[in-house]
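Following: one structure in structure tokens, then a few remarks.
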Amino acid sequence: MPDPARLDRLPEWTALAKHREELAGVRLRELFAADPGRADRYALRVGDLYLDYSKHLVTEDTLRLLRELAQARGVAELRDAMFRGEKINVTENRAVLHTALRAPRDAVIEVDGENVVPGVHAVLDEMAAFARRVRSGEWTGATGKRVRTVVNIGIGGSDLGPAMAYEALRPYTAREPAVRFVSNVDGADLHEAVRDLDPAETLFIVASKTFTTIETITNATSARQWLLAGLGAGEEAVARHFVALSTNEEKVAEFGIDPANMFRFWDWVGGRYSFDSAIGLSLMIAIGPERFREMLDGFRLVDEHFRTAPAEANAPLLLGLLGVWYGAFFDAQSHAVLPYSHYLSKFTAYLQQLDMESNGKSVDRGGQPVEWQTGPVVWGTPGTNGQHAYYQLLHQGTKVVPADLIGFARPVAELGPELAAQHDLLMANLFAQGQALAFGKTEEEVRAEGIAEEQVAHRTFPGNRPTTTILATELTPSVLGQLIALYEHKVFVQGAIWNIDSFDQWGVELGKVLAKRVEPALTEGADVRGLDASTATLVATYRSLREQ
Ligand code: F6P
């Protein structure tokens with residue numbers, strides 16, 4: 001268990017602060033010049049992933065001091081407690097066992113004395129059987145037509161995981177049935193998703209751990225109306241067109257979905273960690289159960305690495321510690337994730353929930369305010385688009401933004417030779433950006449190009465901007481699983497160091513409660529006096545604009 005003593009008063013922390021002062025003025029150029037083996041030594045292989053961390057503002061001493069901090073904070077002990085199924089989510093008194101979702105059939109992992117693994121595999125088997133029926137056309141809608149489109153209705157962890165992975169693994173999908181994702185309570189989301197669909201050929205998957213989330217239940221209710229109106233059918237049609245993914249059988253039945261069409265999971269699966277559970281059903285329909293299993297095995301591979309690799313070679317530990325280093329000692333407020341893969345277009349959005357909902361906390365596990373920086377703002381979009389938008393700030397701005405550059409050695413086979421030929425250009429950009437960020441361009445180099453003196457400062461690049469480069473041969477289901485697990489455990493490590501509960505999300509509650517209170521005030525003539533002055537004025541303005 002993490003030492004609840006104040007992090008910033010630990011001798012390991014003080015040692016790091018002192019070390020940081022000693023490193024003031026250190027240049028990546030100098031670190032590389034002094035150590036010809038740096039690029040080779042500051043690299044790790046984990047499964048199919050190659051991680052280069054040589055372009056970080058660290059030395060052997062930094063890494064050792066960071067590992068000592070991890071040891072002082074009991075990161076390994078908390079990790080083992082998580083894998084054992086102990087209730088490390090203290091504010092909700094729950095186990096944290098997304099790792100059990102990818103455990104092999106013969107594993108034994110107990111929660112309250114019960115082995116949860118058989119249940120995990122029973123649901124995976126049910127999902128596989130259902131996915132096969134939908135994919136083959138054996139499962140039909142109420143009029144006997146096969147399913148051509150699956151619409152996943154969910155939000156947060158019940159949307160981002162499958163939506164991201166569906167994009168990432170598009171080349172592995174059957175292409176039909178296609179999958180669409182509806183999350184926003186803005187009716188436009190559902191409208192655009194279904195406007196060109198035939199209800200007779202549409203299957204809705206209502207994904208909600210709690211089955212009480214207002215956005216999801218509202219959209220699902222509208223979807224049911226759309227379906228029944230379109231089919232001109234009665235309630236009995238719902239059973240052929242709606243399935244549920246949830247932990248809450250009672251609410252599913254209340255909504256009108258037959259519990260026989262419900263795929264269950266458990267309270268020890270956090271929403272943002274739920275994508276390997278029944279929440280992955282839409283993805284499984286798209287890529288098939290075998291590919292889904294390959295993905296789970298990829299997760300599992302990194303789980304085992306995290307559990308067993310020594311600290312010096314433990315990738316999630318290392319990435320987590322680097323983030324702590326920059327947040328605490330370089331005042332880095334954000335972290336950019338920049339995938340050089342079009343298929344990873346939703347990857348950063350997925351990581352935003354994973355990281356920011358987990359570690360966006362300001363009290364520790366005992367409820368005391370923390371006196372140190374916790375989770376960063378995570379942001380980014382795929383390269384090379386970002387290069388023509390916000391990379392200017394990364395290169396020459398005043399802020400330190402550590403970044404992850406993610407790329408693949410091979411484009412997906414389906415591209416064909418002409419489009420595949422563009423891949424080297426894509427990757428050249430990735431390598432060039434890492435190079436420019438780390439090593440920059442000095443004034444002397446600019447002058448040597450004959451640039452006019454008044455332009456020199458503008459065209460100089462300070463460099464020294466840290467990046468991790470993550471490479472793999474190809475974006476396969478297994479590699480995707482490996483990547484996600486890497487980030488899951490990185491987030492875990494940071495939460496353990498900061499001594500925060502990375503598995504609750506109380507910060508989302510207040511807005512939900514207030515929205516329920518504000519909504520009645522939007523009705524014409526309703527009393528707005530209970531609202532604060534600003535909100536009351538906004539509501540009144542909204543009502544009058546609506547009338548114009
Ligand atoms: O509001 C935040 C949250 O609770 C997330 O943690 C969760 O992933 C999302 O809402 C959706 O919740 P549910 O799956 O219960 O609908």
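Sorted by packing (mean other beta-carbon atoms within 10 Å per residue), highest first, where do 104-112, 250-258 land? Could the numbers behind the result be given before it?
On the way: 104-112: 12.8, 250-258: 16.1.
Going from most to least packed, we get 250-258, 104-112.
Along the charge dipole of the stretch 136-190, Cβ charges K/R +1 and D/E -1, which of Leu169, Phe181, Thr143 sits furthest on the positive end?
Thr143
Calculate, axis by axis, the spread of Cα positions in the stretch 85-143 along the three principal axes, and write the results as whole Å, longest axis first.
Between the extreme Cα coordinates on each principal axis of the stretch 85-143 lie 49, 28, 16 Å.
Taking 7 Å along the Cα-to-C-beta vector as the label spot, tell me the Ala389-Leu415 distance in nanometres, rounded to one decimal.
Output for this residue pair reads 2.0 nm.
Given Cβ point charges of +1 (Lys, Arg) and -1 (Asp, Glu) and nothing else, what value in debye, to the nearest 20, does the dipole of the chain about its Cα centre take?
Details: 55 positive and 73 negative charges, 65 e Å.
It comes to approximately 320 debye.
Among Lys251/Lys346; Lys55/Lys441; Lys209/Lys512, which pairs are too far apart, with a Cα-Cα distance over 19 Å?
Values: Lys251/Lys346 30 Å; Lys55/Lys441 15 Å; Lys209/Lys512 16 Å.
Among Lys251/Lys346; Lys55/Lys441; Lys209/Lys512, the Cα-Cα distance tops 19 Å for Lys251/Lys346.
Can you tell me the length gained on complete extension of the stretch Thr143 to Glu290, counting 0.36 nm per residue apart and subtracting the Cα distance? Before the final figure, lay out each step's value.
On the way: separation 147, 0.36 × 147 = 52.92 nm, distance 2.96 nm.
Once the chain is fully extended between Thr143 and Glu290, it gains 50.0 nm.
Within the stretch 344-424, what whole-number % of the accessible surface is contributed by carbon and sulfur, with the 1.4 Å probe and all protein chains included in the calculation?
Values: 2150 of 4000 Å².
Heavy-atom surface of the stretch 344-424 belonging to carbon and sulfur, 1.4 Å probe: 54 percent.
Mean Kyte-Doolittle of at least 0.0 and a Cα length of 27 Å or more along the axis: which whole DSSP H helices of the chain meet both?
The answer, listed by residue number, is 117-136, 477-498.
Whole number please: convex hull volume per residue, Cα atoms of the stretch 275-388, in Å³.
Numbers: hull volume 17.4 nm³, N = 114.
Once divided by residue count, the hull of the stretch 275-388 is 153 Å³.
Quick check on the stretch 100-254: what are the equivalent-ellipsoid semi-axes from the Cα gyration tensor, as sqrt(5λ), descending, whole Å?
27, 18, 16
Non-local amide H neighbours of Val377 (under 5 Å, H modeled in plane, Pro and chain starts lacking H): which ones?
Distant-sequence amide H within range of Val377: Ser334, His335.
Let me know the shape class of the stretch 364-511, please: from the alpha-carbon gyration tensor, a ≥ b ≥ c as square roots of the eigenvalues, rounded when a/c is under 1.5, otherwise prolate if a/b is greater than b/c, or oblate.
Working: a/c = 2.76, a/b = 1.29, b/c = 2.15.
Cα axes put the stretch 364-511 in the oblate bin.
Please give the Cα centre distance for the stretch 451-506 versus the stretch 274-342, rounded to the nearest Å.
Each part reduced to its Cα centre gives a spacing of 11 Å.
Is the stretch 432-548 best put as rounded, prolate or oblate by its Cα gyration tensor, with a ≥ b ≥ c the root eigenvalues, rounded for a/c under 1.5, and otherwise prolate when a/b is larger than b/c, oblate when not?
Details: a/c = 3.18, a/b = 1.66, b/c = 1.92.
Judged from the Cα gyration tensor, the stretch 432-548 comes out oblate (a/c at least 1.5, b/c at or above a/b).
What is the log10 of I(q)/I(0) for the stretch 196-250, computed with the Debye formula using one identical point scatterer on each Cα and no solvent, at q = 0.18, 0.31 Å⁻¹?
Each listed q corresponds, in turn, to -0.59, -1.28.
When ligands, DNA and RNA are left out and all protein chains stay put, how many square angstrom of accessible area per residue does the chain have with a 1.4 Å probe? Can you show the working numbers first?
Details: 23780 Å² over 548 residues.
Per-residue accessible area for the chain comes out at 43 Å².
Let me test this: with uniform point scatterers at the alpha carbons of the stretch 1-124, what is the Debye-based log₁₀ I(q)/I(0) at q = 0.14 1/Å?
Each listed q corresponds, in turn, to -0.85.
Against the empirical 2.2 N^0.38 Å scaling, what ratio does the C-alpha Rg of the stretch 326-431 come to? Please report the intermediate quantities before stating the final value.
Details: Rg = 17.0 Å, N = 106, 2.2 N^0.38 = 12.9 Å.
Normalised by 2.2 N^0.38 Å, the Cα Rg of the stretch 326-431 equals 1.32.
Mind checking the stretch 413-521 for trypsin sites (Lys or Arg not before Pro) that DSSP puts in a loop (not H, G, I, E or B) and that have at most 11 other Cβ atoms within 10 Å? Intermediate results must be reported in sequence, preceding the final value.
On the way: sites: Lys441, Arg447, Arg459, Lys490, Lys512, Lys516, Arg517; in loops: none.
Answer by residue number: there is no such site.
If you look at just the Cα atoms of the stretch 201-351, how large are its Rg and its Dmax in Å?
My reading of the Cα-based Rg and Dmax gives 20.1, 64 Å.
Could you give me the radius of gyration and the Dmax of the stretch 390-469, taking only the C-alpha atoms into account and expressing both in angstrom?
Here Rg and the maximum Cα pair distance are 16.1, 50 Å.
Take the eigenvalues of the Cα gyration tensor for the stretch 221-268, scale each by 5, and report the square roots as semi-axes in whole Å, largest first.
Here the semi-axes work out to 23, 9, 8 Å.
Restricting things to alpha carbons, find the Rg to Rh ratio for the chain using the Kirkwood radius for Rh. Intermediate values should be presented prior to the final figure.
Numbers: Rg = 25.2 Å, Rh = 25.4 Å.
In the chain, Rg relative to Rh is 0.99.
The values are calculated or read from the model by the stated rules, or taken from the named source; none is laboratory data. Every value quoted in this text rests on a predicted model; they were computed, and no experiment measured them. With ideal geometry, Cβ positions are generated from the backbone for all residues, glycine too; neighbour counts draw on all protein chains shown. Ligands, DNA and RNA are stripped out before the accessible areas are found, and what is left, the full protein with its side chains, is counted by its heavy atoms. Shrake-Rupley method; radii C 1.70, N 1.55, O 1.52, S 1.80 Å.
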